[in-house]
Every structure is written in structure tokens, then in C-alpha cells.
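Working notes, structure below.
The values are calculated or read from the model by the stated rules, or taken from the named source; none is laboratory data. The model shown is predicted, which means the values in this text are computed figures rather than measured ones. Here the Cβ is made from the backbone with ideal geometry for all residues, glycine too, and neighbour counts use every protein chain on show. The area values use the complete protein model at the heavy-atom level, side chains included, leaving out ligands, DNA and RNA. Shrake-Rupley method; radii C 1.70, N 1.55, O 1.52, S 1.80 Å.
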Amino acid sequence: MTIAPTISTARLTLRHHVMSDFAPLHDVLGSERARYMGGPFSLKDSWQTIAAEVGSWSLLGFGSWAIERSEDGAFVGQVGINKPAHYPEAEIGWTLCNGFEGNGYVTEAASAALKWAWSQMGATTLVSYITPGNDKSVSVAERLGATQDPEAPLPEGETSADTLVYRHNAPDADGGMEAYT
């Protein structure tokens, strides 16, 4: 797969990134809001990060989606399944643009991305690498059913003081997929 498939939820469309997504994503990555992701990022570092996540579709068959609100086409953020070379496992991560917090968009988008990972990638587990203190991301991970996994391997150069690992497991045959719709 070379581009992200389009996924629709009740309120959102997950789609391949377009150039107009860069400026609002850099607004987040270049701000203090990115402190839990290693930021704030320079313009160059934002470009390299976003380009890697978009290019991951061609290299790995998975990557990041733009999150668009269906009712008006507003770009609200990003959700992605990524595995850069220094990650021991594929990770699901998310970020919202300014002004879109508190609406459940990340949980809805990440639920759809997880469902896609289970059904299309054949993944049985994904992780979320979360910086301690990022309580909002911990809450999202827990709403998605993830649990902290202190035994999980960490990204290269990270320690347990730097990174919490939350594990998302595919539902079993009895659990069905309805939890992710």
C-alpha cells in the first residue's frame, strides 16, 4: 500500500495526508504542546517527522492518517500506526490540532485505526509509547482498552523514566470487533 486507505467513522474521515495538513500539524509540533513528543520541533524536524509517517505507507504498508471532521472537512489532527527503525514494536499514536480537544475525536479515530490494524495488518498487538506526565494520552490509551506493560521493550535510547508503554491487544474471537466501531 502506498497511500493511507480512507476510513469513515460516525463523525470523522481518516485519510491520506495532503500538503495543507502540514502547517496545522507544525503549529502543534512546534509548540509547547509537543513537549511529550520530544518537542517543540523546528520546522525542519516537523517536516521530517510528518514526511516519515506519511512515507511509511510506501515502506511498511502502514503509517499515519489525517483526521478530518466529516461534517465540515476541518482538519483536526493525526492518528497513526508507525514503526520507525528505533522502535521495537509498531506503535499507535495520536495528536490533535489546537481547538479540537475534548470532543472524543482521538478516541474515535484511534479505535478505527486499531480495527484496521487488526483486520488489515493482521496485527495482534500494538503499543503506545507515552511520556510520563502525559495524562491525556494515558487516558486515551486506557479508554481504548490498553494496559500498561512494564515488561515491554523500549525504543532505542529510552528508559522507563522516559517512556511508559501501553499495550493494545486485538480482541479475541469471542470479543468481536464491535468494541472498535
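Show the residue pairs that are 6+ apart or on different chains and have beta-carbon atoms under 7 Å apart, the first residue being within segment 46-70 and without any contact (Cβ under 8 Å) to a residue 60 or more places away in the chain and farther than 17 Å from C97 by Cα, the second being surrounded by fewer than 16 Cβ atoms within 10 Å (Cβ to Cβ) and among the hydrophobic types (A, V, I, L, M, F, W, C).
From segment 46-70, the pairs are W57/M1; W57/I3.
Since F62 meets every condition but one in (1) more than 24 Å from W118 (Cα to Cα); (2) of a type outside the set (S, T, N, Q); (3) open to solvent by less than 60 Å² (accessible area, probe 1.4 Å); (4) modelled with pLDDT of 95 or more, which condition does it not meet?
With (1) more than 24 Å from W118 (Cα to Cα); (2) of a type outside the set (S, T, N, Q); (3) open to solvent by less than 60 Å² (accessible area, probe 1.4 Å); (4) modelled with pLDDT of 95 or more applied to F62, the lone miss is (1).
Could you list, in sequence order, all residues of segment 138-180 that are within 17 Å of the chain's Cα centre (by Cα) and either at pLDDT below 95 or open to solvent by less than 20 Å² (accessible area, probe 1.4 Å) (or both)?
Once the filter is applied, which keeps residues that are within 17 Å of the chain's Cα centre (by Cα) and either at pLDDT below 95 or open to solvent by less than 20 Å² (accessible area, probe 1.4 Å) (or both), segment 138-180 yields V140, A141, L144, A146, P155, T163, V165, Y166, H168, Y180.
Search segment 70-84 for residues being open to solvent by 40 Å² or more (accessible area, probe 1.4 Å) and in contact with a strand residue (DSSP E or B) (Cβ under 8 Å, 6 or more places away or on another chain), and hand back the single one that is nearest to L164 (Cα to Cα).
Out of the qualifying residues, it is K83.
Y87 - would you say it is at pLDDT 95 or above, more than 10 Å from the chain's Cα centre (by Cα) and open to solvent by 40 Å² or more (accessible area, probe 1.4 Å)?
Taking the combined requirement at face value, the residue satisfies it.
Of everything in segment 1-30 that's over 17 Å from the mean Cα position of the chain (by Cα) and under 16 Å from G61 (Cα atoms), which residue is surrounded by the fewest Cβ atoms within 10 Å (Cβ to Cβ)?
Looking at the filtered set, the residue picked out is T2.
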